[in-house]
Amino acid sequence: MEYRDHLRIWTSSLLKLAWGAYLLLTSLYCLLAFLPYTYFALIKAPAYPWMPWFAQHHTLLYWATLAGVAVASWRKPRKCGVLLLLGTAGVYLFFRPFLAEIENRWPAYVWSVVSLMPLCVYTIWEICTTSDRPEPGEDGDFDYSSGILTAVIASVVYGTASEVLERSQHRPLDFGAARLELGVWSILSHVLVAISALSVLNLVRIATRRLRLRTKVRGLIYGALLTGVTGFLINHFLSTALSFDGWMAHVYAFLLSVSLTLLLAALVLPLIVGGKKLEKKFALAVAALVSLAAIGLPSFIAGGDWNGVLQHAFAIVFWIVLTGCMYSALAAGARMQSVSRVMAILVIAGFSYKALQATAIFWAKPLGATDDEVAIAMESYAARDTSFSMAHHILGNAREAPCGDLCRIMRQYTNIRDAQARTELKLVEDLQPTSTLRPNIFLFVIDSVRPDYIGAYNPKVDFTPNLDALAHDGVALRNVFTQYAGTTLSEPAIWSGAMLLHAHYMQPFSRVNSLEKLARTDNYQLVVSYDTVLSQLLSPSADMIKLDEDKTLWNRCEVCSTIRQLEKTIDSRPGKERPVLFYAQPMNVHQFASNDMPRMASSNWRHRNGFNDRIAFELSQVDQCLGSFFDYLKAKGLYDNSVIVVASDHGDATGELGRFSHSVHIFPEVMKVPLIVHLPKSMRERIVYDDTSLSALTDITPTLYYLLGHRPIEINPVFGRPLFTETREELALYRRHEMFLASDERAVYGLLADNGRFLFTTYDSPAASFLFDLSNDPDALHNLLTPDSERKYGRQVIEHLHEVADFYGYKPGIGSLLAADR
């Protein structure tokens with residue numbers, strides 16, 4: 001009988017968890033649709049196949065999970081009214097499904113809030129109708145030794161996970177003094193978080209010890225505390241990861257935290273009331289299982305975790321489950337605590353932590369010579385150890401500052417809604433059909449490739465022979481940067497040949513689409529890999545040949561398949577006298593890539609020291625397929641008469657410097673890109689260039705204009721410049737000495753000054769600025785910022801924002817001003 005009761009309770013909990021997860025996912029999906037960047041990057045162009053599936057089957061899933069809740073609640077009193085109310089909502093959803101067609105408008109935010117209401121209604125009813133038991137006698141307060149042991153285990157588990165991740169990427173294990181100090185500091189941080197949490201809980205128990213309904217009062221207080229902490233963490237995540245702040249973010253964070261707390265209470269309360277405690281062996285087995293999962297998760301998902309959402313969510317679950325298991329297994333015979341003892345433990349622990357932190361300059365020399373370097377080393381480690389990151393930041397160690405004037409101004413010009421292309425972008429004064437040679441043009445923008453992974457830029461590379469040969473036949477420009485840290489704005493800027501408003505996207509985009517204008521004016525046959533970005537940019541045209549339309553997700557576009565389609569198109573198209581302008585942005589090397597190419601394990605890949613194996617292997621595949629295409633062009637007699645451009649839309653941070661991914665931050669490994677250009681011999685003989693000059697991806701389209709005889713290119717701080725000219729004097733005329741940089745996701749901006757020597761970056765959340773001397777510090781590890789330099793470069797960032805906005809006729813409206821006033 002006891003076994004059946006256990007089974008019934010756990011089955012009921014799982015059914016309720018499925019219902020709660022469904023509503024939470026619905027709410028989060030709607031919130032992502034409301035935010036401009038995530039609407040395009042995750043809703044319109046999902047990287048995960050479950051997201052469109054969830055939206056398409058949303059109504060069916062509602063009824064399926066509601067049926068599970070009905071089964072779980074069958075023995076509950078007064079169930080009919082609640083189930084009837086939830087069923088009425090399901091009927092409305094059946095006739096008015098909204099998720100699959102949701103748009104980037106205010107109703108998306110409303111739905112994100114409304115979707116939490118059924119969860120709150122059901123869980124409140126569930127909690128209220130759960131049978132209560134008589135007030136038990138006091139069984140002691142929370143034991144500190146079990147909590148401290150739990151904290152140590154959590155720290156060791158995630159420290160091990162960090163080393164496993166490093167080893168999985170063929171980096172040597174690090175047991176030096178710096179790593180050991182970080183490990184010890186992680187343990188101390190976890191222990192202080194545990195002591196602080198236990199002290200608060202014990203103080204609540206002491207304060208309510210004499211109350212008649214102490215169990216209910218404690219439950220309410222614990223719930224309020226959990227809601228407050230969870231709301232703070234959610235609000236912090238929305239601000240730092242999504243740049244979503246202000247009253248709307250605060251309201252959503254509060255409602256989501258309330259919903260999560262109520263769901264947890266509805267799941268746990270039946271176990272508490274029923275007196276169903278975990279057996280010691282089972283508790284230890286669950287603890288071991290979640291620990292193994294925590295160790296393997298970072299290596300398993302590798303770069304596929306957007307903004308660390310999965311790892312942070314799992315770390316929170318890990319903390320909760322591990323704590324519950326350890327107390328079930330170990331916390332027998334807990335003693336009563338006194339206020340003085342609790343406060344003494346808390347004060348001693350906090351004082352010891354702060355004393356060690358204040359003297360870090362003496363004991364943490366392996367981490368850095370200054371407080372700033374020690375803090376950066378800890379932040380770098382936190383990027384690899386999610387549990388330490390949470391503990392470190394909970395203890396107030398996040399490098400944050402209030403959002404000042406610069407921060408507020410940046411937000412006014414970021415993620416602009418309903419941006420209008422009021423100005424016609426003209427790279428030349430009067431674009432007329434060219435009278436010169438019209439070579440075929442092939443543009444390959446390989447997503448997320450860094451120049452140090454190509455042999456033409458790095459002699460240690462031996463896996464890109466075909467790209468190296470292309471560079472030998474042409475030009476490998478060596479001081480090239482993207483002006484946007486992510487694809488969603490970098491790719492449009494390439495087509496425009498200019499910086500754009502920070503929007504997804506200005507409409508009608510045809511007014512600023514310089515490359516499309518060039519193809520149309522010079523009668524090129526436009527052939528494109530029709531990815532999710534180009535589907536928003538290009539004008540509808542029967543004359544355009546679209547490749548890769550069979551790819552349902554953007555991360556499945558890969559260069560080898562695209563090239564096979566391109567070769568068939570060139571061979572079979574009518575009107576072969578027309579030149580081809582081809583563009584593709586394959587995702588082979590992207591961290592979210594998911595295609596049918598052979599895997600590294602089956603290809604006998606040889607590890608190269610100093611390189612990320614995944615990236616090196618996938619780039620070698622790209623190189624092989626590009627080499628095959630170059631051979632095809634040579635066999636068809638097209639190679640010597642074609643312009644071939646190979647570039648990347650941005651680089652990527654892969655963890656070797658404690659930094660990961662792109663889009664959300666500006667560092668050299670993210671912004672510096674390769675650019676290899678092969679020209680027909682007739683063009684090559686007439687041009688000059690400077691491969692060390694500060695150049696940008698926005699220079700590609702102006703260069704094509706120039707090579708096709710559309711001159712002079714207009715000189716405008718917003719426009720790109722031609723990379724090749726016929727005279728040195730003209731080249732000097734177009735030379736730039738600084739470059740404006742931006743994230744494509746958040747209010748993060750930067751400046752490259754003095755021909756790329758100095759890199760200034762500034763972030764809105766957490767508000768922070770940095771200055772690096774790349775000539776002496778190419779990895780941007782040492783912040784040289786002073787108050788004077790911060791004011792100087794901050795003013796220049798504002799000037800550049802105004803410059804771009806003024807060109808396109810944009811003025812921040814009331815909505816932007818309110819959004820910025822946070």
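Restricting Leu733, Leu784 to those that are among the aliphatic types (A, V, I, L, M), open to solvent by 40 Å² or more (accessible area, probe 1.4 Å), in a loop (DSSP other than H, G, I, E, B) and in contact with a strand residue (DSSP E or B) (Cβ under 9 Å, 6 or more places away or on another chain) reduces the list to Leu784. Take the conditions (1) over 23 Å from Leu675 (Cα atoms); (2) in contact with a strand residue (DSSP E or B) (Cβ under 7 Å, 6 or more places away or on another chain); Ile494 misses just one of them, which is (1).
Taken over region 665-688, the criterion of being more than 34 Å from the chain's Cα centre (by Cα) and either assigned to a helix (DSSP H, G or I) or more than 16 Å from Ile644 (Cβ to Cβ) (or both) is satisfied by Lys681, Ser682, Met683, Arg684, Glu685, Arg686, Val688. When residues in region 692-730 are screened for being open to solvent by 20 Å² or more (accessible area, probe 1.4 Å) and in a loop (DSSP other than H, G, I, E, B), 11 of them pass. Condition check for Tyr583 on (1) part of a loop (DSSP other than H, G, I, E, B); (2) open to solvent by less than 70 Å² (accessible area, probe 1.4 Å): one failure, at (1). Taken over region 769-781, the criterion of being open to solvent by less than 70 Å² (accessible area, probe 1.4 Å), under 16 Å from Asp754 (Cα atoms) and small (Gly, Ala, Ser) is satisfied by Ala780 alone.
Taken over region 521-534, the residue count meeting the criterion of being over 14 Å from Leu489 (Cα atoms) and open to solvent by 10 Å² or more (accessible area, probe 1.4 Å) is 5.
Determine, yes or no, whether Pro97 is surrounded by fewer than 19 Cβ atoms within 10 Å (Cβ to Cβ) and either touching a Lys or Arg at 6+ places or on another chain (Cβ under 7 Å) or within 30 Å of Gln536 (Cβ to Cβ) (or both). Considered against the rule, which asks whether it is surrounded by fewer than 19 Cβ atoms within 10 Å (Cβ to Cβ) and either touching a Lys or Arg at 6+ places or on another chain (Cβ under 7 Å) or within 30 Å of Gln536 (Cβ to Cβ) (or both), Pro97 comes out as yes. Here Ser448 meets the list (1) over 22 Å from the mean Cα position of the chain (by Cα); (2) part of a loop (DSSP other than H, G, I, E, B) almost entirely, failing just condition (1).
For region 326-375, taking the residues that are open to solvent by 70 Å² or more (accessible area, probe 1.4 Å), in a loop (DSSP other than H, G, I, E, B) and over 20 Å from Thr208 (Cβ atoms), the one that is modelled with the highest pLDDT is identified as Ala369.
Of all residues in region 636-654 being part of a loop (DSSP other than H, G, I, E, B) and surrounded by 21 or more Cβ atoms within 10 Å (Cβ to Cβ), which is nearest to the chain's Cα centre (by Cα)? If we take residues in region 636-654 being part of a loop (DSSP other than H, G, I, E, B) and surrounded by 21 or more Cβ atoms within 10 Å (Cβ to Cβ), then Asp652 is nearest to the chain's Cα centre (by Cα). When the residues of region 739-755 are filtered to those that are out of contact with any Phe, Trp or Tyr (no Cβ under 7 Å at 6 or more places or on another chain), in a loop (DSSP other than H, G, I, E, B) and under 17 Å from His650 (Cα atoms), which remaining residue is most open to solvent (accessible area, probe 1.4 Å)? Ranking the candidates gives Arg746 first. Is it true that some residue in region 391-400 is modelled with pLDDT under 90 and in contact with a strand residue (DSSP E or B) (Cβ under 8 Å, 6 or more places away or on another chain)? Checking region 391-400: at least one residue is modelled with pLDDT under 90 and in contact with a strand residue (DSSP E or B) (Cβ under 8 Å, 6 or more places away or on another chain). Only one entry of Arg411, Arg422, Arg384 meets the criterion of being assigned to a helix (DSSP H, G or I) and either closer than 30 Å to Glu103 by Cβ or in contact with a Gly (Cβ under 9 Å, 6 or more places away or on another chain) (or both), and that entry is Arg411. Assess whether Lys568 counts as being open to solvent by 10 Å² or more (accessible area, probe 1.4 Å) and under 26 Å from the mean Cα position of the chain (by Cα). No: the conditions fail for Lys568. All of Leu188, Leu238, Leu192, Leu165 fail the test of being of a type in the set (A, V, I, L, M), surrounded by 17 or more Cβ atoms within 10 Å (Cβ to Cβ), in contact with a Gly (Cβ under 9 Å, 6 or more places away or on another chain) and modelled with pLDDT of 85 or more, apart from Leu192. Taking the condition at pLDDT 95 or above and either in contact with a His (Cβ under 6 Å, 6 or more places away or on another chain) or surrounded by fewer than 22 Cβ atoms within 10 Å (Cβ to Cβ) (or both), does Leu633 pass? So Leu633 passes the test. A residue that is without any contact (Cβ under 8 Å) to a residue 40 or more places away in the chain and under 22 Å from Pro680 (Cα atoms) occurs somewhere in region 556-572.
Please work out if Phe667 is at pLDDT 95 or above, at negative phi and open to solvent by 40 Å² or more (accessible area, probe 1.4 Å). Spell out how you get there, then give the answer.
On the way: at pLDDT 95 or above: yes; at negative phi: yes; open to solvent by 40 Å² or more (accessible area, probe 1.4 Å): no.
No.
Pairing each residue of region 48-61 that is among the hydrophobic types (A, V, I, L, M, F, W, C) with any residue that is surrounded by fewer than 16 Cβ atoms within 10 Å (Cβ to Cβ), provided the two are 6+ apart or on different chains, yields C-beta distances under 8 Å for Ala55/Ala100.
In this structure, is Thr386 open to solvent by less than 20 Å² (accessible area, probe 1.4 Å) and closer than 30 Å to Arg179 by Cα?
Working: open to solvent by less than 20 Å² (accessible area, probe 1.4 Å): yes; closer than 30 Å to Arg179 by Cα: yes.
Spelling it out, Thr386 is indeed open to solvent by less than 20 Å² (accessible area, probe 1.4 Å) and closer than 30 Å to Arg179 by Cα.
One residue stands out in region 27-62 among those that are of a type in the set (A, V, I, L, M, F, W, C) and in a loop (DSSP other than H, G, I, E, B): the one that is surrounded by the most Cβ atoms within 10 Å (Cβ to Cβ), namely Leu35.
Pairing residues of region 191-218 that are free of Cβ contacts under 8 Å to residues at least 40 places away in the same chain with residues that are part of a loop (DSSP other than H, G, I, E, B), at Cβ distances under 6 Å and at least 6 apart in sequence or on separate chains, gives Val217/Thr208; Val217/Leu211; Arg218/Thr208. Looking across region 800-810, just one residue is in contact with a strand residue (DSSP E or B) (Cβ under 9 Å, 6 or more places away or on another chain) and surrounded by fewer than 14 Cβ atoms within 10 Å (Cβ to Cβ), and that is Gly809. Looking at Thr65, is it in contact with a helix residue (DSSP H, G or I) (Cβ under 7 Å, 6 or more places away or on another chain) and part of a helix (DSSP H, G or I)? Answer is yes for this residue. Only one of (1) at pLDDT 90 or above; (2) surrounded by 14 or more Cβ atoms within 10 Å (Cβ to Cβ) is not met by Val69, so which one is it? Val69 satisfies every listed condition except (1).
The values are calculated or read from the model by the stated rules, or taken from the named source; none is laboratory data. Computed from a predicted structure; not experimentally measured. In this analysis, Cβ positions are derived from the backbone assuming ideal geometry, glycine residues included, and neighbour counts consider all displayed protein chains. With ligands, DNA and RNA removed, areas are computed over all heavy atoms of the protein, side chains included. Shrake-Rupley method; radii C 1.70, N 1.55, O 1.52, S 1.80 Å.
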